[in-house]
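Note sheet for the following structure.
The values are calculated or read from the model by the stated rules, or taken from the named source; none is laboratory data. Here the structure is a predicted model, which is why all the values come from computation and not from measurement. Cβ placement follows ideal geometry from the backbone for every residue including glycine, while neighbour counts extend to all protein chains displayed.
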Amino acid sequence: PTPAQRAAARAAGESPGGSIMIHGQWDGFGWLGWLMQNYDWTNGCIGLANSDIDEMWTMIAWNTPVEIIP
């Protein structure tokens, strides 16, 4: 969050959040990828099907910076 977003959250008595991650599904739930993509199950993160995470690992180097633009 930006300093302004942190200040607004503090004034509202809320958490401004923190790390936004890109991740797959919980262990053992990969078979639900087709269904889980229809729901907001990540609490603000970017959720991918486990098969998409596997593909992403083959295309992007470790520690590559990612810019998230809403």
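Take the residues in the stretch 3-27 that are among the small types (G, A, S) and within 19 Å of the chain's Cα centre (by Cα); name whichever of them is farthest from V66 (Cα to Cα). Walk me through how you get there before you give the answer.
Of the residues in the stretch 3-27, the ones among the small types (G, A, S) are 4, 7-9, 11-13, 15, 17-19, 24.
Still in the running and within 19 Å of the chain's Cα centre (by Cα): 15, 17-19, 24.
Numbers: S15: 23, G17: 18, G18: 15, S19: 12, G24: 16 Å.
Restricting to residues being among the small types (G, A, S) and within 19 Å of the chain's Cα centre (by Cα), the top hit is S15.
Go through the stretch 58-69 and report how many residues are at pLDDT below 90 and either in contact with a Gly (Cβ under 9 Å, 6 or more places away or on another chain) or assigned to a helix (DSSP H, G or I) (or both).
0
So which residues in the stretch 16-57 are farther than 20 Å from T2 by Cβ, among the polar types (S, T, N, Q) and not in a helix (DSSP H, G or I)? Explain how you work it out, then say what you get.
Taking the stretch 16-57 as the starting set, the residues that turn out to be farther than 20 Å from T2 by Cβ are 22-42, 47-57.
Then drop every residue that is not among the polar types (S, T, N, Q), which leaves 25, 37-38, 42, 50-51.
Q25, Q37, N38, T42, listed by residue number.
For A8, work out the one condition from (1) surrounded by 12 or more Cβ atoms within 10 Å (Cβ to Cβ); (2) assigned to a loop (DSSP other than H, G, I, E, B); (3) without any contact (Cβ under 8 Å) to a residue 24 or more places away in the chain it doesn't fulfil.
Going through the list (1) surrounded by 12 or more Cβ atoms within 10 Å (Cβ to Cβ); (2) assigned to a loop (DSSP other than H, G, I, E, B); (3) without any contact (Cβ under 8 Å) to a residue 24 or more places away in the chain, A8 breaks only (2).
Considering only residues that are surrounded by 13 or more Cβ atoms within 10 Å (Cβ to Cβ) and aliphatic (A, V, I, L, M), which ones fall in the stretch 21-42?
Residues satisfying the conditions are I22, L32, M36.
Being loosely packed, with under 11 Cβ neighbours inside 10 Å and either of a type in the set (A, V, I, L, M, F, W, C) or in contact with a Ser or Thr (Cβ under 6 Å, 6 or more places away or on another chain) (or both) is the requirement here; does A61 meet it?
Here the answer is yes, as A61 does meet what is asked.
Would you confirm whether any residue within the stretch 16-31 is in contact with a Lys or Arg (Cβ under 8 Å, 6 or more places away or on another chain) and without any contact (Cβ under 8 Å) to a residue 60 or more places away in the chain?
yes
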